[in-house]
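See below for the structure under consideration.
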Amino acid sequence: MKTHGLSYSVMYSRWYNMIYRCENPKSHKFHNYGARGIEVCDKWRNSIEAYIDYVMDLPNAKEEGYTLDRINVNGNYEPGNMRWASAHTQVANSKNGKQKSGYKGVYPRPINKFEAGITLHRKKIYLGYHGSPRDAAIARDQYIIDNELWEYPLQVLTNHSNNVT
């Protein structure tokens, strides 16, 4: 029987853990992956070699400080949804936390207002108080557009113009 000989490699560990957190309910990360419906495509699930061939051909594969990231955090592990990204890009691309406002970077405040903010290179930038969560999210989106921070996903505005929709 032919073996791949990769069992002790970093890439094997990434591949194995990707499958484990998507398919094994005993994984402490299953609630963030498999329980949300995130899957590993059959081609990669059945072949570590196919997985390695694909991800090592992506831009920045050999750059220090870059790790694998799903472009759409709600999407599957599959061709077209993977990239090598910096820690900053990955944090910007993370799924919404359990914020009561329903928007990333928007926090309800006791004064019946919603505070907008964004974390940029570990520094919190406050974007003011707004009358609704949507208005606060629009302010955050506008900051992203004005500063061309395209690694941050827009939540309300759908184009890259300076017009609010």
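Side notes on the structure shown:
- Residues in segment 103-116 that are among the small types (Gly, Ala, Ser) and within 12 Å of residue 152 (Cβ to Cβ): 105 alone.
- Looking only at segment 29-85, and only at residues there that are of a type in the set (Val, Ile, Thr) and assigned to a strand (DSSP E or B), the one that is farthest from residue 9 (Cα to Cα): 40
- Test: residue in segment 86-94 that is at pLDDT 95 or above, among the hydrophobic types (A, V, I, L, M, F, W, C) and not in a strand (DSSP E or B): no
- Cross-chain or 6+ apart pairs with Cβ under 9 Å, segment 126-153 first and more than 21 Å from residue 112 (Cα to Cα), then aromatic (Phe, Trp, Tyr) and surrounded by fewer than 16 Cβ atoms within 10 Å (Cβ to Cβ): 144/150
- Evaluated against (1) in contact with a Lys or Arg (Cβ under 9 Å, 6 or more places away or on another chain); (2) at pLDDT below 90; (3) not assigned by TED's automatic domain parsing to the domain that holds residue 33, residue 131 falls short on exactly one condition, (2).
- Segment 106-139: number of residues that are more than 24 Å from residue 150 (Cβ to Cβ) and out of contact with any strand residue (DSSP E or B) (no Cβ under 9 Å at 6 or more places or on another chain): 2
The values are calculated or read from the model by the stated rules, or taken from the named source; none is laboratory data. Every value quoted in this text rests on a predicted model; they were computed, and no experiment measured them. Cβ atoms come from the backbone with ideal geometry, glycine included; neighbour counts cover every protein chain shown.
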